[in-house]
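S.K.: Before anything else, here's the structure in question.
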Amino acid sequence: MEASPYVAIGFAAQLIDGALGMAFGVISSTLLIGLAGVSPAQASASVHLAEVFTTGAPGASHAILRNIDWRLFVRLAIPGVVGGVLGAHVLSSIDASATRPVVMLYLAAIGLVMLYRAWRFPPKKFEDPRLVAPIATAGGFLDAAGGRGVGSVVTSNLLIQGSEPRKTIGTVNASEFVLTLSVSVTFIATIGFDAFTRATVGLLLGGVVAAPFEPLMASAISPRWLLLLVGAVILITSTYAIAQVLSV
């Protein structure tokens with residue numbers, strides 16, 4: 001399949017990702033596997049290579065707009081890289097799709113909790129998240145092995161713990177650059193450049209064009225709507241994935 005349709009996919013997915021702190025990997029990997037017919041390993045490798053470029057510019061913009069908590073960034077980046085490299089190795093050797101239904105059920109529950117928090121917003125005060133390293137490690141692993149994790153798992157869990165939405169999205173986005181670079185290098189080392197498909201070019205071009213607009217979208221949306229939209233995206237995508245598994 002030619003690369004041009006994926007330019008639009010990359011552009012739209014990146015705008016959504018910029019506003020909600022997630023969805024680029026979910027949308028892109030699903031379409032690569034479902035429409036282009038690539039393997040899960042190739043899909044993950046392609047998405048992460050594109051994200052190396054699409055997370056760099058937004059990360060810088062979030063820093064300029066002061067949407068990054070640098071202490072939290074360090075707490076996310078290091079364990080996230082560990083989990084991501086491990087997940088890339090796992091996906092390069094075995095099919096990690098068996099764990100997908102369990103992860104989707106978990107995310108569906110997280111989505112419901114976030115919708116409840118949006119309904120009860122604003123909280124009495126925002127709090128610094130306490131449980132960070134295990135979530136970042138799990139998010140990095142799931143992101144590399146299953147095409148989702150940094151946004152859906154990490155962002156949602158930090159928000160559940162009371163972290164301020166705009167700072168959370170900006171910080172997770174910045175830490176994702178370090179993760180995607182590490183995962184891409186791991187895929188190249190394990191399965192070579194054959195992991196990257198023609199669709200990678202389209203995702204990369206579309207994502208790079210949309211990337212500079214990410215922080216502006218995140219800054220323009222109120223914290224309550226960020227919680228509501230993130231919860232809705234997680235609930236809808238996870239429910240759809242569960243329905244697909246049950247229909248097989």
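The values are calculated or read from the model by the stated rules, or taken from the named source; none is laboratory data. Since the structure is predicted, the reported quantities are computational estimates derived from the model, not experimental observations. Please note: Cβ atoms are built from the backbone with ideal geometry, for glycine as well, and neighbour counts cover all protein chains shown. To get the accessible areas, we keep the full protein, side chains included, count just its heavy atoms, and leave off ligands, DNA and RNA. Shrake-Rupley method; radii C 1.70, N 1.55, O 1.52, S 1.80 Å.
S.K.: Would you confirm whether or not segment 133-143 contains a residue that is buried (at least 24 other Cβ atoms within 10 Å of the Cβ), modelled with pLDDT of 80 or more and not hydrophobic (A, V, I, L, M, F, W, C)?
M.R.: Yes, because at least one residue in segment 133-143 is buried (at least 24 other Cβ atoms within 10 Å of the Cβ), modelled with pLDDT of 80 or more and not hydrophobic (A, V, I, L, M, F, W, C).
S.K.: Find the helices (runs of 4 or more DSSP H) located wholly in segment 177-248 whose residues include 1 or more that are modelled with pLDDT of 80 or more, of a type in the set (V, I, T) and open to solvent by 50 Å² or more (accessible area, probe 1.4 Å), and list them. Can you show your working first?
M.R.: Values: elements: 198-210, 214-220, 223-247.
Qualifying helices (runs of 4 or more DSSP H): 198-210, 223-247.
S.K.: While we're here: Select, from G151, G146, the only residue that is touching a Lys or Arg at 6+ places or on another chain (Cβ under 9 Å), under 26 Å from L91 (Cα atoms) and at pLDDT below 80.
M.R.: Only one candidate qualifies: G146.
S.K.: Taking helices (runs of 4 or more DSSP H) that fall entirely within segment 1-107, which contain at least 2 residues that are open to solvent by 30 Å² or more (accessible area, probe 1.4 Å), at pLDDT below 75 and of a type in the set (K, R)?
M.R.: Those helices (runs of 4 or more DSSP H) do not exist here; none qualify.
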